[in-house]
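Contents: one structure, followed by commentary.
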Protein chains: 2
Amino acid sequence: MDEVFKALADASRRSLLDRLHAHNGQTLNELCDGLAMTRQAVTKHLAILEAANLVTTFRKGREKLHYLNPVPIHQIGERWIKKFERGKLTALSELKRQLEKRDE
Amino acid sequence: MDEVFKALADASRRSLLDRLHAHNGQTLNELCDGLAMTRQAVTKHLAILEAANLVTTFRKGREKLHYLNPVPIHQIGERWIKKFERGKLTALSELKRQLEKRDE
DNA sequence: TTGACATGCAACCATTTGGTTGCCTATTAT
DNA sequence: ATAATAGGCAACCAAATGGTTGCATGTCAA
């Protein structure tokens, strides 16, 4: 879980996921296209995404194909975000109450 | 959005949010309790959470009360995670298809 | 077979990050 | 008044991060 959060913390990596979401199964060079980064930088980002299981790859000849794995993202939603949604209204009303009696 | 992702990337910060979720409106010292960190380290984490608008604070005498703001977390769920859930089944089946024909 | 193409590996670098220590200020209680 | 309590500020530090360059390897096409 921690690896996933860390992987998602970087905007370049999130945009790589966006690109795969738009067009799955791209090669490294395709993913580099139009980015203001060297290929090696992209390789490192992809390695981090792969380690977090957000991207799965396999080779096809001399190319490496990258596939988005949306499962960990889904798990963040289920296991983490939903927990805070439950308490949402309570938390906000509690905060409001406190803010209102601030000058007592 | 980027600030929120970055703030959530650290396990100590996520656990501070957990603590506030369990018991909202704690003081700095209460939040420090039982953590293997100095008060100043916790202060820094809380400042980052506050900058990302995940925590709201106000002072009550010499104490500073910390309140969880679940809204940004909810927005991550709505604006970011849901986008990837839509393509989930397609992405996985596409991946499976590729994996199966890997040895062609 | 030889050149071009796709990717991998490793060393290096600047900046950011997560933490520390030491001291200062403000508020409360005795 | 004064001591204890709650928190703030700043300098410093080691390690992690995000990036680079240079070179090596594996695969395809002419």
- Note on the structure: Across (1) at pLDDT below 95; (2) surrounded by fewer than 16 Cβ atoms within 10 Å (Cβ to Cβ); (3) more than 16 Å from DNA strand D (Cβ to nearest atom), A:ALA91 clears everything bar (2)
- Scan the stretch B:44-60 residue by residue and report those that are within 11 Å of another protein chain (Cβ to nearest Cβ) and without any contact (Cβ under 8 Å) to a residue 24 or more places away in the chain. B:THR56, B:THR57, B:PHE58, B:ARG59, B:LYS60
- Task: Test A:LEU65 against the stated conditions and say whether it is within 12 Å of chain B (Cβ to nearest Cβ), in a helix (DSSP H, G or I) and touching a strand residue (DSSP E or B) at 6+ places or on another chain (Cβ under 9 Å).
- Result: no
- Got a number for residues in the stretch B:27-54 being near DNA strand D (Cβ under 9 Å from one of its atoms), closer than 26 Å to B:GLY77 by Cβ and surrounded by 14 or more Cβ atoms within 10 Å (Cβ to Cβ)? 2
- Message: Being of a type outside the set (Gly, Ala, Ser) and touching an Asp or Glu at 6+ places or on another chain (Cβ under 7 Å) is the filter here; which residues of the stretch B:6-37 pass it?
- Response: B:ASN24, B:THR27
- Filtering the stretch A:26-62 down to residues that are in a helix (DSSP H, G or I) and more than 19 Å from the chain's Cα centre (by Cα) yields A:ASN29, A:GLU30, A:ARG39, A:GLN40
- Query: Could you count how many residues in the stretch A:12-25 are in a helix (DSSP H, G or I) and in contact with a Phe, Trp or Tyr (Cβ under 8 Å, 6 or more places away or on another chain)?
  - Reply: 4
- Message: Looking at the stretch B:17-26, can you tell me whether even one residue there is within 30 Å of B:ARG79 (Cα to Cα), surrounded by 15 or more Cβ atoms within 10 Å (Cβ to Cβ) and near DNA strand C (Cβ under 10 Å from one of its atoms)?
- Response: no
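The values are calculated or read from the model by the stated rules, or taken from the named source; none is laboratory data. All values reported here derive from a predicted model rather than from experimental measurement. Reconstructed Cβ throughout: ideal geometry from the backbone, glycine too, with neighbour counts over all protein chains shown.
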